[in-house]
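Every read-out reported here was derived from the displayed coordinates using simple, explicitly stated rules and does not represent laboratory data. Bear in mind that the values here come from a model prediction, so they are computed numbers and not experimental data. When we count neighbours, we look across all protein chains shown, and the Cβ atoms used for this are built from the backbone with ideal geometry, even at glycine.
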Amino acid sequence: MTLVVTPQSPPLTTDADGVVRIGGTRVTLETVVGVFHDGATAEEIVQQYPLLALADVYAVIGYYLKYRPDVDDYLRQERQRSDQVRQENERQFDPTGVRERLLARRRTAA
């Protein structure tokens, strides 16, 4: 019997906002690469994110290792975009004193 080897793409999809997600889940490439960098194995990643299939996590890690410079560039851009959004939100909605205002509101409601 001959083994038929068929190439497979990693289970990565890009959503409407340009965020790369794993398969049909909401788990992002950034999340999986982050916990992998923290030392998690593929099995541990699946335990943390049970929506992911073990084979998909291995495929994503393999893709990351093969295309590391490209993935790292993407992750760097995502961090910059996230920082910009956070800064814009903080400009529009000053976070100073939010906790105190919420606690005061709770006291008056009670």
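Observations
- Dipole magnitude of the chain about its Cα centre (Cβ charges: Lys, Arg +1; Asp, Glu -1), debye to nearest 20: 580 debye
- Peptides 8-17, 37-46 ranked from most to least packed give 37-46, 8-17, packing being the mean of other C-beta atoms within 10 angstrom over each peptide's residues.
- Spread of Cα-to-Cα distances over 10 Å intervals beginning at zero, given as percent, for the chain: 12, 32, 23, 19, 10, 3, 1, 0
- Of the residues 19, 49, 108, the one whose Cα sits farthest toward the positive end of the charge dipole of the chain, with +1 on the Cβ of Lys and Arg and -1 on the Cβ of Asp and Glu, is 108.
- A P(r) calculated from all alpha carbon pairs of the stretch 40-85, with 10 Å bins opening at zero, reads 27, 35, 36, 3 percent.
- For the chain, relative contact order (Cα pairs under 8 Å, six or more residues apart, normalised by length) works out to 18 percent.
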